[in-house]
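Structure record follows, encoded as structure tokens.
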Amino acid sequence: MTPSTLIGAGLNALDEDALFHIFSTMTFEALATFRMVSKHFKIMADTYIFHLWHKALSTFVDDVEAFCHLLQQFRAVVSGSVTLHVILHATRFLWWKPNDMDICCCLGQADKITDFLCDSFGYHRLDESTDVAENYVHDYQGAVASVICLHHPMHGMRIDIISTPKALPKFPIPAFWGTLVMN
């Protein structure tokens, strides 16, 4: 490919690795704007965002696709520091890596999600779940109904499964305003 061909083709001529490198320097806001340029750019940016999520989730689970299917099946969402890490991917906070993941779900779904994570990925339920749940329920005044804490004995990662008293799994997320400040 000649330099003039590359200039004329623009970003369309770059391979995925080169594009991902460019995207890694963009803020999430700039990446969202980039998505609106064309259908092709939307596909490229979405692929990169999927890559970010896959990378972030793979530190907690071996089979990201099965985990994502679990989230969809139970209408659960990942929140907290893992989500923050994905959003802050191109900032000066890139060095920071989360060691815990929050999963928000509807009341009645936490036990099923817990069973799946324990059976499929080797997590263990922590005895301190009751104490943590009491703190969450008290501190977040009605946004949290219960919390189950899981720990992986091999890699030390932790997952908190947060149940909301509402039928909307995203309900407690605004209550966690301190996540950005703490991290």
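The values are calculated or read from the model by the stated rules, or taken from the named source; none is laboratory data. Since the model is a prediction, treat every value here as computed from it, not as a measurement. When we count neighbours, we look across all protein chains shown, and the Cβ atoms used for this are built from the backbone with ideal geometry, even at glycine.
One residue is enough: does the stretch 69-81 have a residue meeting the conditions touching a residue at least 12 places away in the same chain (Cβ under 8 Å), of a type in the set (A, V, I, L, M), in contact with a Phe, Trp or Tyr (Cβ under 8 Å, 6 or more places away or on another chain) and over 16 Å from C149 (Cβ atoms)?
Yes, the stretch 69-81 has at least one match.
Yes or no: the stretch 55-68 includes at least one residue that is within 13 Å of the chain's Cα centre (by Cα), crowded, with 16+ Cβ neighbours inside 10 Å and over 18 Å from S81 (Cβ atoms).
Taking every residue of the stretch 55-68 in turn, at least one turns out to be within 13 Å of the chain's Cα centre (by Cα), crowded, with 16+ Cβ neighbours inside 10 Å and over 18 Å from S81 (Cβ atoms).
Every residue, every condition in (1) of a type in the set (G, A, S); (2) modelled with pLDDT of 95 or more; (3) more than 24 Å from T27 (Cα to Cα); (4) surrounded by 14 or more Cβ atoms within 10 Å (Cβ to Cβ), yes or no:
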position: I43; (1), (2), (3), (4): no, no, no, no
position: V78; (1), (2), (3), (4): no, no, no, yes
position: K97; (1), (2), (3), (4): no, no, no, no
position: I103; (1), (2), (3), (4): no, no, yes, yes
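Pairs please, first residue from the stretch 14-34 and surrounded by 13 or more Cβ atoms within 10 Å (Cβ to Cβ), second anywhere and among the basic types (K, R), Cβ atoms under 9 Å, 6+ apart in sequence or on different chains.
Cβ pairs passing all conditions: F34/K42.
Check whether at least one residue in the stretch 127-137 is closer than 30 Å to F23 by Cα and either surrounded by 17 or more Cβ atoms within 10 Å (Cβ to Cβ) or modelled with pLDDT of 80 or more (or both), and report yes or no.
no
What about F116, is it closer than 21 Å to I162 by Cα and part of a helix (DSSP H, G or I)?
yes
Residue-wise test of (1) modelled with pLDDT of 85 or more; (2) in contact with an Asp or Glu (Cβ under 7 Å, 6 or more places away or on another chain); (3) closer than 20 Å to C104 by Cα.
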{"position": "F28", "(1), (2), (3)": "no, no, no"}
{"position": "T33", "(1), (2), (3)": "yes, no, no"}
{"position": "F60", "(1), (2), (3)": "yes, no, yes"}
{"position": "D63", "(1), (2), (3)": "yes, no, yes"}
{"position": "F67", "(1), (2), (3)": "yes, no, yes"}
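Could you tell me how many of the residues in the stretch 138-168 are small (G, A, S) and at pLDDT 75 or above?
Final tally of qualifying residues: 3.
Please go through (1) modelled with pLDDT of 90 or more; (2) under 30 Å from D17 (Cβ atoms); (3) of a type outside the set (V, I, T) for F74 and return the number of the only condition it doesn't satisfy.
All conditions pass for F74, except number (2).
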